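In what follows, a single structure is set out as C-alpha cells and then discussed.
What follows draws every value from the coordinates through simple rules; no lab data is involved. Everything numeric here is computed off the predicted structure, so don't read it as measured data. Cβ: placed from backbone, ideal geometry, glycine included. Neighbour counts: every protein chain shown.
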C-alpha cells in the first residue's frame, strides 16, 4: 500500500518539478546568465534571436554537449562554471536540449 501511495505521489509531483526545472532553465538562458545566452544564440522556445553564436535550434545540442560547453566554454563562448550554480547549469542545459530537440543525444557536433 505504501509503495502505491509513494508511486502516486511521485506521479503527481513529477510535472510540477519538471515545469520548475524548465522555468529555471529558461530564466538562466534569458536573464540570469551574464552575458545572457539569448544575446548570442537563437532559441525559438526562449524567444531568443541572437546571431553571434550558433543557432541552438539548428545545432540541436544534447544535454551532455550543452553541459560541457557551459562548464568549459567553446570558441568565443566563455565558460560559465564560475558564474552559475551547478543547479543553474543543469537546468539551462536540460532546457536547451529539450527546447532545441537534442535531448535524444543528437548534438554531438561542435562549433
- Task: Pop the C-beta distance of residue 20 and residue 64 into the FRET formula with R0 = 25 Å and round what comes out to the nearest 0.05.
- Result: 0.70
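Kindly rank 53-61, 31-39, 94-102, 76-84 from highest to lowest mean number of other beta carbons found within 10 Å of each residue.
The peptides rank, most packed first, as 94-102, 53-61, 31-39, 76-84.
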- Quick one: if you stick a label point 7 Å off each Cα along the C-beta vector at residue 36 and residue 82, how many nm between them? 2.5 nm
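What length, rounded to one decimal in nm, is gained on full extension from residue 27 through to residue 71, with 0.36 nm per residue of separation minus their alpha-carbon distance?
14.1 nm
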